[in-house]
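Notes follow once the structure below has been shown.
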Amino acid sequence: MVNLEMSNDVTVTFPRIQERIPTVVVDDAHVVYRVHKGAAGNTSPVAAFKRMVTRTNAPNVRVVHAVRGVTFTAYRGEAIGLIGTNGSGKSTLLRAIAGLLPVEQGAVYTQGQPSLLGVNAALLNDLPGERNVTLGCLAMGMSPAEVRRKLPEIIEFSGINQRGDFASLPMRTYSSGMSARLRFSIAAAKQHDVLLIDEALATGDKAFRKRSEQRVRELRESAGTVFLVSHQLSSVRDTCERTIWLESGEIRMDGPTPEVLAAYEAFTNGK
Amino acid sequence: MANLLADPDSGLTPAQLAARHGLRVAGERPSIGRYSGQLWRYRHFISAYAHAKLTASFSNARLGQLWQVLTPLTNAAVYYLIFGLVLEQNRGMDNFIAYLTTGLFIFNFTQVSVQQGTQAISGNLGLIRALHFPRACLPLAITATQFQQLLGSIVVLLAIVVATGEPITLMWLMLVPAVLLQTVFNAGLTMVVARLGAKATDLKQVMPFVLRAWMYGSGVLYSVNLFAENLPGWATAVVQFNPMLVYIELARISLLENTHLLNDSLPLTWLIALGWAAVAGLGGYFYFWRGEQEYGRG
């Protein structure tokens, strides 16, 4: 084994390893949710008290096994699409890669700190858009001078000022598309080692989608890895050359985008 | 399953491949030294976030920032009405209005910090799940916001103290270290309740009662001498170690002329104040850091 590895290193694969640097290694990862069902089941005060005394778990906690043994390696410079039907564990997998959900079993290794960019990630709704840009950039670790330099650029990119001066209005006055665009623009302003995008591209209008796809390509070229979760197969096709198809928390297929998309389309149409 | 090859060409398992390229386990907690370094780099975020929260909290009110001063004033007026005029707690006291407002404003600083601290994590899940930053920024920002509020209250307080006939003395300067020690104490306590509140969401319902009991035990609304007069000896001994009582007494003794400490010893009171700040500050920080990788999950 050792000999084989040595010879591999020295002769055949050495230049190849040099050029393919892994940024995310997912090793047999299992993610389990414990969901509080809330008002369902026996929720009378007496029953709750009895549970407290007898120290049994509430019956309304249910265990959901969302990701079941996923293994893959992502390399620098790759853009990977994650597809699958609703509830197949795509978003959960992204959150595990971002380090926001613990894995029950297995491990996730990452280069640097991956940034998750999702449509349901809220900023401070009572504050104006430009204030949120400042806060978001500072929260990503930029210096105040860098933030001041990038602020106009980010507002410009998000296009929220196309219909008047929205940047100085509180974010609660924004449409859902506008705030999603602003969030994407903030996250995309920084150089990430690993950027995880959850459905964010699907919300903008066509012009914005074009711009953001262009930006994803730029991010990728500057030596990052991009993961894109989307139901919009066209945006996966345009931005990713590799696609992973998840079904019921397991990898159904992992390969070049055209092949995987063809199989996926056949699968969903056949249903 | 574990010995599956990650990269068929290199013949390495995923774990070996990760180790070879210096990849780290996702969501790993940094050492406390590195964490403190990160926190220092995020100081601009903390102050920007504190300032943003302060502006946002009044953004829907027509009088805006004026409430920063109006809220403590109204509060003081209500308590004066009940405890001063109706219950006549001011018997035998030289300057009850100044005594009451000092206690109220100082206690309010800790009270609001703790109340909001329970929500520091659970109320910011969106931010936490979207962006990576040391989570201690959030409780620290709350403390910073409340500190700014306190500065506004202190201006009002000084006006009340002078208006009720207290002389301006050098003793006033003692207010500065007293408030700074209290701020450290608050920061620690806010971090503790932030971690507790992240897991136990019922804490938000319980906290008002805990805080009210604490307020009654801190001699905010009546003379602290009542403790010595009415409680058995051991209970008075316990009460004089109550951090809030200590911070309030320090503020009172620096601003008002005729006040007595419960334990009659100023150095001892300062020692207790310092001790609480150190214990809560360091302990709270350590406790919060221990939970760093759990925040925002679930």
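A few notes on this one:
- Within the stretch A:158-178, the set of residues being in contact (Cβ under 8 Å) with a residue 24 or more places away in the chain and open to solvent by 10 Å² or more (accessible area, probe 1.4 Å) comprises A:Phe166, A:Ser168, A:Leu169, A:Pro170, A:Arg172, A:Tyr174, A:Ser176, A:Gly177.
- Verdict on B:Asn242 being closer than 11 Å to B:Val224 by Cβ and within 17 Å of the chain's Cα centre (by Cα): yes
- Members of the stretch A:235-259 found to be out of contact with any helix residue (DSSP H, G or I) (no Cβ under 9 Å at 6 or more places or on another chain) and not in a strand (DSSP E or B), listed by number: A:Ser248, A:Glu259
- For the stretch B:254-270, a residue qualifies if it is over 22 Å from B:Leu158 (Cα atoms) and assigned to a loop (DSSP other than H, G, I, E, B), and the qualifying residues are B:Leu262, B:Asn263, B:Asp264, B:Ser265.
- Selection count, the stretch B:129-151, where residues are part of a helix (DSSP H, G or I) and farther than 15 Å from B:Lys53 by Cβ: 3
- Any hit, the stretch A:87-102, residues being without any contact (Cβ under 8 Å) to a residue 40 or more places away in the chain, away from every other protein chain (no Cβ under 11 Å), in contact with a Ser or Thr (Cβ under 9 Å, 6 or more places away or on another chain) and assigned to a helix (DSSP H, G or I): no
- Which listed residue is at pLDDT 70 or above, more than 9 Å from chain B (Cβ to nearest Cβ), under 26 Å from the mean Cα position of the chain (by Cα) and open to solvent by less than 50 Å² (accessible area, probe 1.4 Å), from A:Gly69, A:Gly81: A:Gly81
- Check on B:Ala52, in a helix (DSSP H, G or I), closer than 30 Å to A:Pro144 by Cα and at pLDDT 80 or above: yes
- Residue within the stretch B:158-166 that is in contact with a Ser or Thr (Cβ under 7 Å, 6 or more places away or on another chain) and either within 23 Å of B:Ala278 (Cα to Cα) or part of a helix (DSSP H, G or I) (or both) present: yes
- Of all residues in the stretch B:57-82, those that are farther than 22 Å from B:Met215 by Cβ, open to solvent by less than 70 Å² (accessible area, probe 1.4 Å) and part of a helix (DSSP H, G or I) total 1.
- Just one of the listed residues (B:Ala187, B:Ala200, B:Ala237) is touching a residue at least 12 places away in the same chain (Cβ under 8 Å) and open to solvent by less than 70 Å² (accessible area, probe 1.4 Å), and it is B:Ala187.
- Residue within the stretch A:151-172 that is outside any helix (DSSP H, G or I), at pLDDT below 85 and of a type in the set (Phe, Trp, Tyr) present: yes
- If you go through the stretch B:83-100 and keep only what is free of Cβ contacts under 8 Å to residues at least 60 places away in the same chain and either surrounded by 16 or more Cβ atoms within 10 Å (Cβ to Cβ) or part of a helix (DSSP H, G or I) (or both), you end up with B:Gly84, B:Leu85, B:Val86, B:Asn90, B:Phe96.
The values are calculated or read from the model by the stated rules, or taken from the named source; none is laboratory data. All of these numbers come straight from a predicted model, not from anything done at the bench. Neighbour counts are summed over all protein chains in view; Cβ atoms, including those assigned to glycine, are modelled from backbone coordinates with ideal geometry. The accessibility values were calculated without ligands, DNA or RNA, using every heavy atom of the protein model including side chains. Shrake-Rupley method; radii C 1.70, N 1.55, O 1.52, S 1.80 Å.
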